[in-house]
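A short worksheet on the structure shown next.
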Amino acid sequence: MIDSFSLLAKLLSNVFDIYILYVKLPIRFLKMSPTNMNDSFENTNEKNIGQKSQSNPGWKGKGVPNLKSLSYQALINFKRNLLKGNMTLFLNNIKAIHTNMSAFVLKKNQKNVICPCCNWSGPAFITSCNSKRMNYNSNCPKCDSRSRHRGLSKFLEQTLENKDLNLLFFAPEKILMKILNDKLEHITIQTTDYYSTDVDFPNEDIQGLSFKSESFDYILCNHVIEHVPNDDLAFKKLSRILKDNRKAIITIPGDYHLNATIEFKQTDANGHFRHYGLDVIDKMKSYFSDVNATDLHSVSKLEYGVRQNDLVFICTK
Ligand SMILES: [Zn+2]
């Protein structure tokens, strides 16, 4: 009797899923106007121009994808990209949906990755894309950490001295603030940003910082330099406010298997002024006595899903 009851409940649940997937969602989808279709799965970080990191991920991810959410994304991709002729984006989204479908539907019980920022573990991190590139194994479903946060979370713990020192954090990312506060509690952390006001020092232009020279033991600056018109000036000012023999920890997105930085005539869709190559190290060396580039992938556990060639630059004054 109980068996028949649970069988019936399971059957009803399956019928309900089928109704949602193939009746309710398509009807809702067809009713949507283009203006209220903003809940895209694409890598649509808000566009900004200037000295703010592309996004400041906090402690809330998009949740673990499932068959329902991925099917919905496939429908939106069809309507938004294929019907409008955005073929590259359409195909990249197909690849992302397929990768996520394979991981989160077919292998959903596997524990292949673990996020060192929030301890979530699952089959993979979420793959995202834009029209230019695929970001495999990118966002943590729980805390929204990306490759660099997962790599930096342990790297900072190992690299910074947990002593009575001070650190200035540019465009602070909540995920890393939590790590710093929890693991490096003896370091005094102060924050600054060009746009955000919920920082210790708002309205600071990295090309013209108002701090006294030699004010800080450490500087942490992630994904900011690419948003700055004059990066030479930014490196110069960072060096000026750093104490002698102290370190600036800098990450900048780029293709570090290439040498040359590509300058854009105007900022790209993400507000980047340029796409960096390894020659940025020479530029940094003009302002710092030593620059060490470390691949976060090579110093992280494989299950953290840190991208290859995700470099961190340790610049010593
Ligand atoms: Zn996480």
Review point. For residues in the stretch 132-173 being of a type in the set (Lys, Arg) and more than 12 Å from the ligand (Cβ to nearest atom), which is nearest to VAL228 (Cα to Cα)?
Key: ARG148
Study note, to complete from the structure: Taking the stretch 112-160 and keeping residues closer than 24 Å to LYS183 by Cβ and among the charged types (D, E, K, R) leaves LYS142, ASP144, ARG146, ARG148, ARG150, LYS154, GLU157
Check your understanding: Hey, does the stretch 106-126 have a residue that's surrounded by fewer than 21 Cβ atoms within 10 Å (Cβ to Cβ), assigned to a helix (DSSP H, G or I) and modelled with pLDDT under 95?
Key -> yes
Exercise for review: For GLN207, state whether it is surrounded by 14 or more Cβ atoms within 10 Å (Cβ to Cβ), closer than 19 Å to HIS272 by Cβ and not aromatic (Phe, Trp, Tyr).
Suggested key: yes
Study note, to complete from the structure: Given the conditions (1) in contact with a helix residue (DSSP H, G or I) (Cβ under 8 Å, 6 or more places away or on another chain); (2) on the phi < 0 side of the Ramachandran plot; (3) crowded, with 19+ Cβ neighbours inside 10 Å, every one holds for GLU226 apart from (1)
Revision key, fill the gap. Residue hits (the stretch 116-131; within 18 Å of GLN308 (Cβ to Cβ), more than 13 Å from the ligand (Cβ to nearest atom) and not hydrophobic (A, V, I, L, M, F, W, C)) are THR127, SER128
Exercise for review: Filter the stretch 289-317 down to the residues that are among the charged types (D, E, K, R) and assigned to a loop (DSSP other than H, G, I, E, B), then identify the one that is surrounded by the fewest Cβ atoms within 10 Å (Cβ to Cβ).
Suggested key: LYS301
Exercise for review: Determine whether LYS163 is within 23 Å of the chain's Cα centre (by Cα), of a type in the set (D, E, K, R) and in the same structural domain as SER239 (by TED's automatic domain parsing).
Suggested key: no
Practice item. Go through the stretch 170-200 and count every residue that is in contact (Cβ under 8 Å) with a residue 24 or more places away in the chain and not basic (Lys, Arg). Key: 19
Check your understanding: Which of the following residues is within 28 Å of GLY277 (Cα to Cα) and either in a strand (DSSP E or B) or outside the structural domain of LEU302 (by TED's automatic domain parsing) (or both): LEU220, LEU258, LEU152?
Key -> LEU220
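The values are calculated or read from the model by the stated rules, or taken from the named source; none is laboratory data. From a predicted model like this one, the values you see are computed outputs, not experimental measurements. Because the Cβ atoms are built from the backbone with ideal geometry, glycine has one as well, and the counts that use them run over all protein chains shown.
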